[in-house]
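Report on one structure; see the data block that follows.
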Amino acid sequence: MAGYEFPRSLRLLKPGDFRNVFNDARFKAGHPGLLLLAIPNQLPHPRVGLVIAKKNIKLATGRNRVRRLIREAFRLQQANLPSVDIVVLARKAVADMNNEEIFQCLTKLYSRIGQQHANAVAKADSSSAT
């Protein structure tokens, strides 16, 4: 099971880290229930941060459920993700989604971020080669 941990080093913890992602988001993937923003980082691994507003999900149990699902989906997808800092924003519609829908949605959104990063790297490589 090596490689599937979720230590502190894989989390965005500082306000400055969140601010960087919000100000300079180069990769975006959205859904009516969730929005992912990401920027490349200089680390050998991806990191994730969560923004789940009380305004969008009223009950703490609902917010905690969404947090657990986001973390679990990230934990399972981290090996497939490039070195990016990701902020996951929960929208109101996520409160009406069941666990399986949220998990499938997150899997698609994480892979979309990975694809956008790969496209950006390929574009940068092709422009520097010419």
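The values are calculated or read from the model by the stated rules, or taken from the named source; none is laboratory data. Quick caveat, the model's predicted, so the values are computed rather than measured. Counting neighbours? That spans all protein chains shown, and the Cβs are built from the backbone with ideal geometry, glycine included.
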Residue under evaluation A79, criteria (1) within 15 Å of L10 (Cα to Cα); (2) touching a residue at least 40 places away in the same chain (Cβ under 8 Å); (3) touching a helix residue (DSSP H, G or I) at 6+ places or on another chain (Cβ under 8 Å), criterion not met: (3)
All positions within the stretch 109-130 that are surrounded by fewer than 16 Cβ atoms within 10 Å (Cβ to Cβ) and either in contact (Cβ under 8 Å) with a residue 60 or more places away in the chain or in contact with a His (Cβ under 8 Å, 6 or more places away or on another chain) (or both): A120
Residue list for the stretch 24-46, restricted to those being touching a strand residue (DSSP E or B) at 6+ places or on another chain (Cβ under 6 Å) and within 18 Å of F6 (Cβ to Cβ): L36, A38, N41, P46
Residue within the stretch 57-66 that is part of a helix (DSSP H, G or I), at pLDDT below 95 and of a type outside the set (D, E) present: no
Yes/no for N23 being assigned to a loop (DSSP other than H, G, I, E, B) and either surrounded by 13 or more Cβ atoms within 10 Å (Cβ to Cβ) or of a type in the set (S, T, N, Q) (or both): no
Failed item, numbered, when T61 is tested on (1) exposed (fewer than 12 other Cβ atoms within 10 Å of the Cβ); (2) under 16 Å from R11 (Cβ atoms): (2)
Where V88 falls short, out of the listed (1) closer than 19 Å to P44 by Cβ; (2) in a strand (DSSP E or B): (1)
Conditions (1) within 21 Å of A120 (Cβ to Cβ); (2) surrounded by 12 or more Cβ atoms within 10 Å (Cβ to Cβ); number of the one not met by Q42: (2)
